[in-house]
Amino acid sequence: MTKPNAVLLTGGAGYIGSHTAVSLVQAGYFPVLLDNFCNSDRRVLERLKLLLGDQAFAVQEADACEQSKIIELITRFDVTAVIHFAALKAVGESVMQPLRYFENNNQALLAVLKAISSIAKDRYIHLVYSSSATVYGDPDQVPITESAALRPTNPYAWTKVIGEQIILAQQQANSSCRAVILRYFNPVGAHESGMIGEQPQGVPNNLMPYVQQVAVGKREYLSVFGQDWPTPDGTGVRDYLHVMDLAEGHVKAVDYLLAGERSEIINLGTGTGRSVLELIRAFSQASGQEIPYRFTARRPGDIAVCYADSSKAAAVLGWRAQRGLETMCTDAWRWQSGNPDGYV
């Protein structure tokens, strides 16, 4: 039996990483999860074993900034591609702790690239980089294409812009460094089994997990920041993307690179904007729960509308989002109602 291609996932036990591990196994790959568990929960590993089997993936507890550990894993498992998720990711926290974010996020990427470079003398090791739509800031127009101006408005977004520039510079210096940079929009939802999902630490930073916690009774109400945006219902509009669609996008990116294709920067989104009130109504219908909310002042730095032009993903990767808002909400509620305190 031919050994499946091994793919190293830094931050592999996190929200997006764990779902991507499922999609990789389903596509015939062998995920190797590296995580220091600062933003994730070790108990997700038991859920993954139940979903995939004990032998379907490997785990190494370590920090993605440890170049020697990355080299060891690439060598031991004959890794053919690295998906680099590992990063601190809370926008508000990045404003309060900018040096921590710049040091951690960019040092981890440098460690990955140095590890790949040290081994790539003998063979190709490809990179899929987890970037973000936050690099666009307040766009001139929507939908947002990959050629739009980059206007990061917080340190987290800047770490992603800098990360992209580091990768592009390395590609110019070394033509064997091939990478797909994925700028994804607003991941939501959970695996359809309800066994794995998003577990925010403390107060959720994003809309969907906060709505979920209100629905399950952990929060009294949702604060809606602004009701006077220039949108159809006055609330902010975003591109919500099912986490399993996002996971499958990473698999498509690995397939693409292993086929020998060139490096690309690609948006992953549905291409459809949904307002805060639309999401609240959809989640209320999916869960059968009332979602109390109160309007409050706009948050500094927020923007009115942000959604993707995802046509390049379709043309280059053959990827399109398959799951609509109803499925996003239904799967998110299955996870939250079955696991009100996350993996605890």
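Out of everything in segment 136-180 that is out of contact with any His (no Cβ under 8 Å at 6 or more places or on another chain) and among the basic types (Lys, Arg), what residue ends up being nearest to PRO230 (Cα to Cα)?
For segment 136-180, the residue satisfying everything is ARG151.
Hey, which of the helices (runs of 4 or more DSSP H) in segment 91-174, taking only ones fully inside, have at least 2 residues that are hydroxyl-bearing (Ser, Thr, Tyr)?
On the way: elements: 91-96, 98-119, 155-173.
Here the list reads 98-119, 155-173.
Just the residues that are hydrophobic (A, V, I, L, M, F, W, C) and either crowded, with 21+ Cβ neighbours inside 10 Å or closer than 24 Å to ASN205 by Cα (or both), please, taken from segment 7-29.
VAL7, LEU8, LEU9, ALA13, ILE16, ALA21, VAL22, LEU24
Which numbered condition in (1) within 14 Å of LEU8 (Cβ to Cβ); (2) surrounded by fewer than 18 Cβ atoms within 10 Å (Cβ to Cβ); (3) of a type in the set (Gly, Ala, Ser) is the only one that ALA64 fails?
Failing condition for ALA64: (2).
Out of ARG323, ARG281, ARG298, ARG294, report the one residue that is in contact with a helix residue (DSSP H, G or I) (Cβ under 6 Å, 6 or more places away or on another chain), charged (D, E, K, R) and over 23 Å from VAL7 (Cα atoms). Can you show your working first?
On the way: ARG281 fails: in contact with a helix residue (DSSP H, G or I) (Cβ under 6 Å, 6 or more places away or on another chain); ARG298 fails: in contact with a helix residue (DSSP H, G or I) (Cβ under 6 Å, 6 or more places away or on another chain); ARG294 fails: in contact with a helix residue (DSSP H, G or I) (Cβ under 6 Å, 6 or more places away or on another chain).
Checking each option against the conditions leaves just ARG323.
Are there any pairs with C-beta distances below 8 angstrom linking a residue in segment 161-173 that is within 13 Å of LYS114 (Cα to Cα) and in contact (Cβ under 8 Å) with a residue 12 or more places away in the chain to a residue that is surrounded by 15 or more Cβ atoms within 10 Å (Cβ to Cβ) and not aliphatic (A, V, I, L, M), with the two at least 6 apart or on different chains, and if so which?
ILE166/ASN106; ILE167/TYR129; ILE167/CYS177; GLN170/SER117; GLN170/CYS177; GLN171/CYS177; GLN171/ARG178; GLN171/SER263
I'm checking my understanding of the structure. Among residues of segment 232-288 that are assigned to a helix (DSSP H, G or I) and basic (Lys, Arg), which one is nearest to the chain's Cα centre (by Cα)?
Checking each candidate, the answer is LYS252.
For the condition in contact (Cβ under 8 Å) with a residue 12 or more places away in the chain and in contact with a Gly (Cβ under 6 Å, 6 or more places away or on another chain), what is the one hit in LEU88, LEU150, LEU109? Break it down stepwise before answering.
Working: LEU88 fails: in contact with a Gly (Cβ under 6 Å, 6 or more places away or on another chain); LEU150 fails: in contact with a Gly (Cβ under 6 Å, 6 or more places away or on another chain).
So the residue among LEU88, LEU150, LEU109 that is in contact (Cβ under 8 Å) with a residue 12 or more places away in the chain and in contact with a Gly (Cβ under 6 Å, 6 or more places away or on another chain) is LEU109.
Against the conditions (1) part of a helix (DSSP H, G or I); (2) buried (at least 18 other Cβ atoms within 10 Å of the Cβ), where does PRO187 fall short? Just the number, please.
Of (1) part of a helix (DSSP H, G or I); (2) buried (at least 18 other Cβ atoms within 10 Å of the Cβ), only one is false for PRO187: (1).
Does TYR221 satisfy being touching a strand residue (DSSP E or B) at 6+ places or on another chain (Cβ under 6 Å), more than 29 Å from ILE83 (Cβ to Cβ) and in contact (Cβ under 8 Å) with a residue 60 or more places away in the chain? I'd like the intermediate steps shown before the answer.
Values: touching a strand residue (DSSP E or B) at 6+ places or on another chain (Cβ under 6 Å): yes; more than 29 Å from ILE83 (Cβ to Cβ): yes; in contact (Cβ under 8 Å) with a residue 60 or more places away in the chain: yes.
So TYR221 passes the test.
What number goes with the only condition from (1) within 20 Å of the chain's Cα centre (by Cα); (2) crowded, with 23+ Cβ neighbours inside 10 Å; (3) of a type outside the set (Phe, Trp, Tyr) that ILE70 does not pass?
If we test ILE70 against (1) within 20 Å of the chain's Cα centre (by Cα); (2) crowded, with 23+ Cβ neighbours inside 10 Å; (3) of a type outside the set (Phe, Trp, Tyr), just (1) comes out false.
How many residues does segment 202-241 contain that are among the hydrophobic types (A, V, I, L, M, F, W, C) and closer than 21 Å to VAL344 by Cα? Even if it seems obvious, please write down each step before you answer.
Going residue by residue through segment 202-241, those that are among the hydrophobic types (A, V, I, L, M, F, W, C) are 203, 207-208, 211, 214-216, 222, 224-225, 229, 237, 241.
With the extra rule that they be closer than 21 Å to VAL344 by Cα, the set shrinks to 203, 208, 211, 214-216.
Residues that pass the stated criteria total 6.
Scan segment 220-250 for residues that are of a type in the set (D, E, K, R) and either touching an Asp or Glu at 6+ places or on another chain (Cβ under 7 Å) or surrounded by fewer than 17 Cβ atoms within 10 Å (Cβ to Cβ) (or both) and report the count.
Kept after step one, since they are of a type in the set (D, E, K, R), are these residues of segment 220-250: 220, 228, 233, 238-239, 245, 248.
Checking which are either touching an Asp or Glu at 6+ places or on another chain (Cβ under 7 Å) or surrounded by fewer than 17 Cβ atoms within 10 Å (Cβ to Cβ) (or both) leaves us with 220, 228, 233.
Looking only at that region, the number is 3.
Show the residue pairs that are 6+ apart or on different chains and have beta-carbon atoms under 7 Å apart, the first residue being within segment 14-36 and charged (D, E, K, R), the second being surrounded by fewer than 21 Cβ atoms within 10 Å (Cβ to Cβ).
Listed by first residue and then by second, the contacts come to ASP35/GLU61.
Computed from the coordinates by the stated procedures, all read-outs in this text should not be read as laboratory data. Computed from a predicted structure; not experimentally measured. As a convention, Cβ positions derive from the backbone with ideal geometry for all residues, glycine included, and neighbour counts pool all protein chains shown.
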